[in-house]
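Note sheet for the following structure.
The values are calculated or read from the model by the stated rules, or taken from the named source; none is laboratory data. Given the structure is predicted, the values throughout are model-derived calculations rather than measurements. Methodologically, a virtual Cβ is constructed for each residue, glycine included, from the backbone with ideal geometry; neighbour enumeration extends over all protein chains shown. Only protein heavy atoms, including side chains, enter the accessible area calculation; ligands, DNA and RNA are left aside. Shrake-Rupley method; radii C 1.70, N 1.55, O 1.52, S 1.80 Å.
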Amino acid sequence: MIQAGDYVTVEYPVFSGGEYQEAVQRLNERFKSEAERIASEQETEMNSFLTEAEKMDMDISVSFERSLKNVYIEGSMICVEQSDYSYTGGAHGLAGLTGINYDLEEERELSMEEVLGCSKENAVEAVAGAFSRTELVQEGIITLDQVRENVDEAVYYMTEEGLHIVFPQYSLGAYAIGMPEAVVTEQDVKAVQS
């Protein structure tokens, strides 16, 4: 974990063991470097907000936190979910997610379709199928066309349940709907491949 100033906390994973030791070490270095970069950027941003607030004689609180939420390992694939929360005054802060799906054998990030083991077109339809079961779609708050059109904006990460697909705040609608999420299962992928 990295603490930057009084307002910024960034957690990051550290892996060990397994048959891909050199790749694991490089991945650990990547996570640490990214955490240091984010901590530095956020500390600068939080200090900037405080400086501007002081100029306007405003008393505000600010913070940024990145938390490690889930880690899933299957074979040479490591999937990580991290959540961000930033507050810079106002009615509410902003939340966000980061999903990293990494193949240790190939030492690269995996696309959504690679994680699902299908074509891009089938991945998009599998995501639509998963979202069709959500209350947001069933009540007409968002449409499957919106899901299909914006799927490249989604964050994704694998867990034992399946591939979680999460859209950022405001990408499919108002703040009030939050970050729409669905889980793509093996059955969703099989249904679009037949």
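Can you tell me which of (1) under 19 Å from the mean Cα position of the chain (by Cα); (2) over 30 Å from Ile60 (Cβ atoms) is the one Ser83 doesn't meet?
All conditions are met except number (2).
Is it the case that Leu97 is open to solvent by 50 Å² or more (accessible area, probe 1.4 Å) and within 20 Å of Lys32 (Cα to Cα)?
On the way: open to solvent by 50 Å² or more (accessible area, probe 1.4 Å): no; within 20 Å of Lys32 (Cα to Cα): yes.
No.
Any residue in the stretch 51-66 that is in contact (Cβ under 8 Å) with a residue 40 or more places away in the chain and under 22 Å from Ile165 (Cα atoms)?
Here is the first cut: in the stretch 51-66, the residues in contact (Cβ under 8 Å) with a residue 40 or more places away in the chain are 62-66.
Within this subset, residues satisfying the condition of being under 22 Å from Ile165 (Cα atoms) are 65-66.
Within the stretch 51-66, one or more residues are in contact (Cβ under 8 Å) with a residue 40 or more places away in the chain and under 22 Å from Ile165 (Cα atoms).
Any residue at all in the stretch 100-117 that is within 30 Å of Gln193 (Cβ to Cβ), part of a loop (DSSP other than H, G, I, E, B), open to solvent by less than 40 Å² (accessible area, probe 1.4 Å) and of a type in the set (A, V, I, L, M)? Let's see the steps before the verdict.
First, pick out the residues of the stretch 100-117 that are within 30 Å of Gln193 (Cβ to Cβ): 100-117.
Restricting the remaining residues to those that are part of a loop (DSSP other than H, G, I, E, B) gives 104-107, 110-111, 117.
Restricting the remaining residues to those that are open to solvent by less than 40 Å² (accessible area, probe 1.4 Å) gives 104, 110-111.
Imposing the further condition that a residue be of a type in the set (A, V, I, L, M) reduces the set to 104, 110.
Within the stretch 100-117, one or more residues are within 30 Å of Gln193 (Cβ to Cβ), part of a loop (DSSP other than H, G, I, E, B), open to solvent by less than 40 Å² (accessible area, probe 1.4 Å) and of a type in the set (A, V, I, L, M).
Condition first: of a type in the set (D, E, K, R) and part of a helix (DSSP H, G or I). Now tell me which residues in the stretch 123-152 satisfy that. Steps first, answer last, please.
As a first pass, look at the stretch 123-152 and keep what is of a type in the set (D, E, K, R): 125, 133, 135, 139, 145, 148-149, 152.
The answer is Glu125, Glu135, Asp145, Arg148, Glu149, Asp152.
Go over the candidates Thr88, Thr51 one by one and state the one that is surrounded by 13 or more Cβ atoms within 10 Å (Cβ to Cβ), among the β-branched types (Val, Ile, Thr) and more than 30 Å from Met158 (Cα to Cα).
Details: Thr51 fails: surrounded by 13 or more Cβ atoms within 10 Å (Cβ to Cβ).
So the residue among Thr88, Thr51 that is surrounded by 13 or more Cβ atoms within 10 Å (Cβ to Cβ), among the β-branched types (Val, Ile, Thr) and more than 30 Å from Met158 (Cα to Cα) is Thr88.
Among the residues in the stretch 68-80, are any assigned to a loop (DSSP other than H, G, I, E, B) and either modelled with pLDDT of 90 or more or among the basic types (Lys, Arg) (or both)? Give the derivation first.
Pass one, the stretch 68-80, residues assigned to a loop (DSSP other than H, G, I, E, B): 75-76.
From the residues that got through so far, the ones that are either modelled with pLDDT of 90 or more or among the basic types (Lys, Arg) (or both) too are 75-76.
Taking every residue of the stretch 68-80 in turn, at least one turns out to be assigned to a loop (DSSP other than H, G, I, E, B) and either modelled with pLDDT of 90 or more or among the basic types (Lys, Arg) (or both).
Restricting to the stretch 19-48, give me the number of residues that are among the small types (Gly, Ala, Ser) and either surrounded by 13 or more Cβ atoms within 10 Å (Cβ to Cβ) or touching a Gly at 6+ places or on another chain (Cβ under 9 Å) (or both).
First, pick out the residues of the stretch 19-48 that are among the small types (Gly, Ala, Ser): 23, 33, 35, 39-40, 48.
Adding the requirement that they be either surrounded by 13 or more Cβ atoms within 10 Å (Cβ to Cβ) or touching a Gly at 6+ places or on another chain (Cβ under 9 Å) (or both) leaves 23, 35, 39-40.
Total satisfying the criteria: 4.
Counting only residues that are open to solvent by 10 Å² or more (accessible area, probe 1.4 Å), within 26 Å of Glu109 (Cα to Cα), without any contact (Cβ under 8 Å) to a residue 40 or more places away in the chain and over 13 Å from the mean Cα position of the chain (by Cα), how many does the stretch 141-161 have?
Residues in the stretch 141-161 being open to solvent by 10 Å² or more (accessible area, probe 1.4 Å), within 26 Å of Glu109 (Cα to Cα), without any contact (Cβ under 8 Å) to a residue 40 or more places away in the chain and over 13 Å from the mean Cα position of the chain (by Cα): 5 in total.
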